[in-house]
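No value in this document is a laboratory result; all are computed from the given coordinates. Not measured: the values here are computed from a predicted model. Cβ atoms come from the backbone with ideal geometry, glycine included; neighbour counts cover every protein chain shown.
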Amino acid sequence: MSRWLVAPILIPMLTGVLCLLAVRRPRLNRWISVTGAALELAAAVALLAAVRSQGTLVLQVGGWPAPFGITLVADLLSAFLLAAACLLAFTLSIYSLASIGAQLESFAYHTLYHFLIMGVSGAFLTGDLFNLYVWFEVMLMASFVLMALGGERGQMEGAIKYVTLNLLASAFFLAALGILYGLVGTLNLADLAVKIGGVTERQPQGMLMAVALLLLVAFGIKSAVFPLFFWLPASYHTPPAAVSALFSGLLTKVGVYSLIRVFTILFVQNPDLTHNLILWISIPTMVTGVLGAVAQNQFRRVLSFHIISQIGYMILGLGLFTPLGLAGAIYFTAHNMIAKTNLFLVSGVVERLQGSQWLSRLGGLYVTQPLLAGLFLVPALSLAGLPPLSGFFAKLSLIQASFDARQYLAGGVAVAVSLFTLLSMMKLWNEAFWKPRAEDAPADAELPDRARWLVPIALLSLVTLAMGLGANWFYSLALDAGHQLMNPNNYILAVMGGQP
Amino acid sequence: MRSFFLRTAVRVLLPMLLLFSIYLFLRGHNEPGGGFVAGLTAAAAWSLYAIAFDSRHARAAFRVEPRRLIATGLLVILASGLISTFSGRSYLSGIWFSLPVPGLGDIDLGTPVLFDLGVFMTVIGVTLGIVFSLEEVEE
């Protein structure tokens, strides 16, 4: 099986290349895109099953042994998040058929889409910090173009902010890698984990902490934590709905994944400093995000601010640095990827129907689109944390973990922020669905490819329900992943243990 | 640009530069050179042609659409890696065999050569795609 560890990276690459060849034949292009995404999902699920039954899988690309070659590793954390990401990729590939116009498709939209997925898969699977940097760049290249594709004025403005901030983050990341390589002489995660102990014996910890904080800033910008989040609400609402849904589901989560990875395997020498700092960052991240959302009057801008708030929950789990906390963070990340993306999908349908994102100009959708209204409620209530949906269990586990770790303030804030989230979801519901529409507003537009718009939303809503009703299974998976992260020895052994 | 001297020079330079790029490509296996720089050299040759004449002529003379070349190059790279996966080794492992060529002795061929060929094609495709479209914007 481990020989096929490379499949989740190669399938999107192959799909993207075939889409590039077929760019002049729209029908074929769409078929390739959806089929490729389905295969990718199958590969990711198979990988998750294999990791669950056989433990951490490792592939040394090119047959070069660990610290020298390119290492791909799949442990439970990577495999779980990869499966969630591929589920999104599959549903969004269907949604794109409706939401992305023929013009953007002729600019190789599908190719860029799959290259972005390739970057995300690579980032989840790599076992080497420098390769993580490379995969980030692959992902960002594709996302830069996707963000600017179409070239409307607002989009360009958002794209420039997005590109600038992300380039800055990449510069921090690269600087940290340079210093780390100078200190330790390797960038393979497992090898680093072994050797970093030796560095702390020889030298004062200052340099190592500098690297840790540089990485915290770099990944912090990419995952939009307080106070580095401002680029996100400035850019995420500008591109077409399918693209902002893709970004909201995947990009910041790769930043969160990198934070979790780096601060569980490498920088664990001084958790009083690093993990407490993360914990203290998580609190204002949760609060500012949710308060920012309350002040917004556009559908997708409300959602963008909520992304930030929920990033706070994820890193709260990391800041606690207990198996329970990490399990909560992982479960929350997967839940959030699915529920939040789904809300972006709904916002795209609403915009198509009523031609606006401004809440004041929307209304009455409960009467005209009862199915859509019902489908909106599932992710919205899940995000707010109502049982029996996935968000309830995700928040419950995080809050429980905070109280177990005696972080009463963080736990209390997490509860309070949930209430505000509910408030903003109710605002969206009232404004877009419940209130009657202004009388001078034009009639709703037609929704020609109804299935392509609604099937992805229904699919993701079902998964949200399943993650809530089957919370036991998902949570035990996340808990295993959390335990795995707290005992990195398995990871190190699997990578360095002299496999071919 | 309508320059008689440049046009005359390009007619001579183009085949020489292309030959040089193939030389760089083959040399790259054990010495400095390789698919990337060879691709850049070949792309430079065609860019020169596009400057001397115009990009419409250059596209016609180049025959292949750059987009297709990029895609084909990436497919070749994928294939070169997958050969080893399908033969039971890890992705991108080098697999070698020798090909007896009369007059030259045995020539070692392997998947890394295929990989390099993919890089060569992709680099030409990307560079020419950019150069041609930039020139068309100018026109």
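I'd like the orientation of helix A:76-99 relative to chain A: the angle between its Cα long axis and the longest Cα principal axis, in ° from 0 to 90, rounded to 10.
Roughly 30 degrees, rounded to the nearest 10.
Tell me the label-point distance for the pair A:Val415, B:Leu99, using the 7 Å Cα-to-Cβ offset, in nm and rounded to one decimal.
Once both label points are built, they end up 7.3 nm from each other.
Which one of B:Leu92, B:Ala52, B:Gly118 is farthest out on the positive end of the charge dipole of segment B:4-138, using unit charges on Cβ (Lys, Arg +1; Asp, Glu -1) and the Cα centre as origin?
B:Ala52
Which of the trypsin sites (Lys or Arg not before Pro) found in segment B:40-110 are loop residues per DSSP with 11 or fewer other Cβ atoms within 10 Å of their Cβ? Intermediate results must be reported in sequence, preceding the final value.
Numbers: sites: B:Arg56, B:Arg59, B:Arg63, B:Arg67, B:Arg68, B:Arg89; in loops: B:Arg63, B:Arg89.
Those that pass, being in a loop and sparsely packed, are B:Arg63.
So if I take the alpha carbon set of segment A:170-231, get Rg, then get Rh from the Kirkwood formula, what is the Rg over Rh ratio? Walk me through the numbers before you get to the answer.
Details: Rg = 12.8 Å, Rh = 12.3 Å.
Radius of gyration over Kirkwood radius for segment A:170-231 works out to 1.04.
Using label points projected 7 Å from each Cα along Cα→Cβ, tell me how many nm separate A:Asn430 and B:Phe86, to one decimal.
Between A:Asn430 and B:Phe86, the label points sit 6.2 nm apart.
Within the P(r) computed for the protein assembly as shown, what percentage of the Cα pairs occupies the region above 46 Å? Show your work: numbers first, answer last.
On the way: 40956 of 203841 pairs.
Considering the protein assembly as shown, 20 percent of its Cα-Cα pairs are separated by more than 46 Å.
Can you work out the Karplus-derived ³J(HN,Hα) for every residue in segment A:103-109? Use 6.51 cos²θ - 1.76 cosθ + 1.60 with θ = phi - 60°, whole Hz, and x for glycine or proline.
So the Karplus estimates, Gly and Pro as x, are 5, 5, 4, 6, 8, 6, 3 Hz.
Please state the relative contact order of chain A as a whole percent: Cα pairs under 8 Å, 6+ residues apart? Kindly include the intermediate steps, with their values, before the conclusion.
Details: 838 pairs, mean separation 84.6, N = 500.
Reported as a whole number, the value is 17 percent.
Check which residues have an amide H placed less than 5 Å from A:Asp128's amide H, if you skip close sequence neighbours.
Result for A:Asp128 returns A:Leu189.
Using Cα pairs under 8 angstrom and six or more residues apart, how large is the relative contact order of segment A:293-393, in percent?
On the way: 89 pairs, mean separation 24.2, N = 101.
Here the relative contact order equals 24 percent.
I'd like to verify something in chain B: which complete DSSP H helices, judged by Cα projection on the helix axis, reach 27 Å or more and average at least 0.0 on the Kyte-Doolittle scale?
Those that pass (Cα extent of 27 Å or more, hydropathy at least 0.0) are B:4-27, B:66-86, B:111-138.
Taking all pairs of different Cα atoms in segment B:4-138, averaging 1/r and flipping that mean, what Kirkwood radius in angstroms comes out?
Working: mean 1/r = 0.0620 Å⁻¹.
Across segment B:4-138, the inverse of the average 1/r is 16.1 Å.
Which residues does a label at A:Lys195 reach in segment A:255-282, if reach means a backbone N under 16 Å from a point 7 Å past the Cα toward the Cβ?
A:266-267
Counting other Cβ atoms within 10 Å, which GluC sites (Glu not before Pro) in segment A:381-475 have at most 12 and lie in a DSSP loop?
When the GluC sites (Glu not before Pro) of segment A:381-475 are filtered for loop state and at most 12 Cβ neighbours within 10 Å, A:Glu439, A:Glu446 remain.
Taking the dipole about the Cα centre of the protein assembly as shown, with the C-beta of Lys and Arg at +1 and of Asp and Glu at -1, give me whichever of A:Gly325, A:Pro227, A:Leu41 is farthest to the positive side.
A:Leu41
With a Förster radius of 51 Å, plug the Cβ-Cβ distance of B:Leu6 and A:Ala46 into 1/(1 + (r/R0)^6) and report the FRET value to the nearest 0.05. Before the final figure, lay out the partial values.
Numbers: r = 58 Å, r/R0 = 1.13.
Efficiency computed from Cβ-Cβ geometry: 0.30.
Taking Rh as the Kirkwood radius, which is the inverse of the mean 1/r over Cα pairs, what is the Rg/Rh value for segment A:351-449? Before the final figure, lay out the partial values.
Values: Rg = 17.4 Å, Rh = 15.2 Å.
Here Rg/Rh amounts to 1.14.
If you add up the charges near A:Trp429, with Lys and Arg at +1 and Asp and Glu at -1, over every other residue whose beta carbon is less than 15 angstrom from its beta carbon, what do you get? Could the numbers behind the result be given before it?
Working: positive: A:Lys427, A:Lys435, A:Arg437; negative: A:Glu431.
That works out to +2.
Tell me, what ³J(HN,Hα) does each residue in segment A:376-387 have, in order and in whole Hz, if you take phi through Karplus 6.51 cos²θ - 1.76 cosθ + 1.60 with θ = phi - 60° and put x for Gly and Pro?
Each residue of segment A:376-387 in turn: 5, 5, 4, x, 5, 6, 5, 4, 6, x, 8, x Hz.
Within segment A:367-445, which trypsin sites (Lys or Arg not before Pro) sit in a loop by DSSP and count at most 16 neighbouring Cβ atoms inside 10 Å? Can you show the working numbers first?
Details: sites: A:Lys395, A:Arg406, A:Lys427, A:Arg437; in loops: A:Arg406, A:Arg437.
Sparse-neighbourhood loop trypsin sites (Lys or Arg not before Pro): A:Arg406.
What is the set of long-range amide H partners of A:Gln298 at a cut-off below 5 Å, with H atoms built 1.01 Å from backbone N?
Those lying under 5 Å, H to H, from A:Gln298 are A:Leu359.
Please give the net charge around B:Val123, taking every other residue with its beta carbon less than 15 angstrom from that of B:Val123, where Lys and Arg add +1 and Asp and Glu add -1. Mind dumping the intermediate values first?
Numbers: positive: B:Arg67, B:Arg68; negative: B:Asp116.
Residues near B:Val123 contribute +1 overall.
About the Cα centre of chain A, how large is the charge dipole given +1 on each Lys and Arg Cβ and -1 on each Asp and Glu Cβ? Please answer in debye to the nearest 20.
Values: 25 positive and 19 negative charges, 78 e Å.
Rounded to the nearest 20 debye, it is 380 debye.
Report the relative contact order of segment B:4-138, percent, no decimals, based on alpha-carbon pairs under 8 angstrom and at least 6 residues apart. Walk me through the intermediate numbers first.
Numbers: 180 pairs, mean separation 39.5, N = 135.
Taking the mean separation of contacting Cα pairs over the length of segment B:4-138, I get 29 percent.
For chain A, find the longest principal axis of its Cα atoms and tell me its angle to the long axis of helix A:450-469, 0 to 90°, nearest 10.
Once rounded, one gets 50 degrees.
For segment A:161-171, take each phi angle, set θ = phi - 60°, evaluate the Karplus expression 6.51 cos²θ - 1.76 cosθ + 1.60, and give the result in whole Hz per residue in order, putting x for glycine and proline.
Karplus-based 3J(HN,Hα) across segment A:161-171 equals 4, 4, 5, 4, 5, 6, 5, 4, 4, 4, 5 Hz.
Of A:Val463, A:Gly411, A:Ile311, whose Cα points farthest to the positive end of the dipole of segment A:2-495 (charges on the beta-carbon: +1 Lys, Arg; -1 Asp, Glu; origin at the Cα centre)?
A:Val463
Between helix A:241-265 and chain A, what is the angle of the helix's C-alpha long axis to the longest principal axis, kept within 0 to 90° and rounded to the nearest 10?
Result, in degrees: 20.
Run the simple label-point estimate for A:Ala171 and B:Ile22 please: 7 Å along Cα→C-beta, distance reported in nm.
Reported label-point gap for A:Ala171 and B:Ile22 is 4.5 nm.
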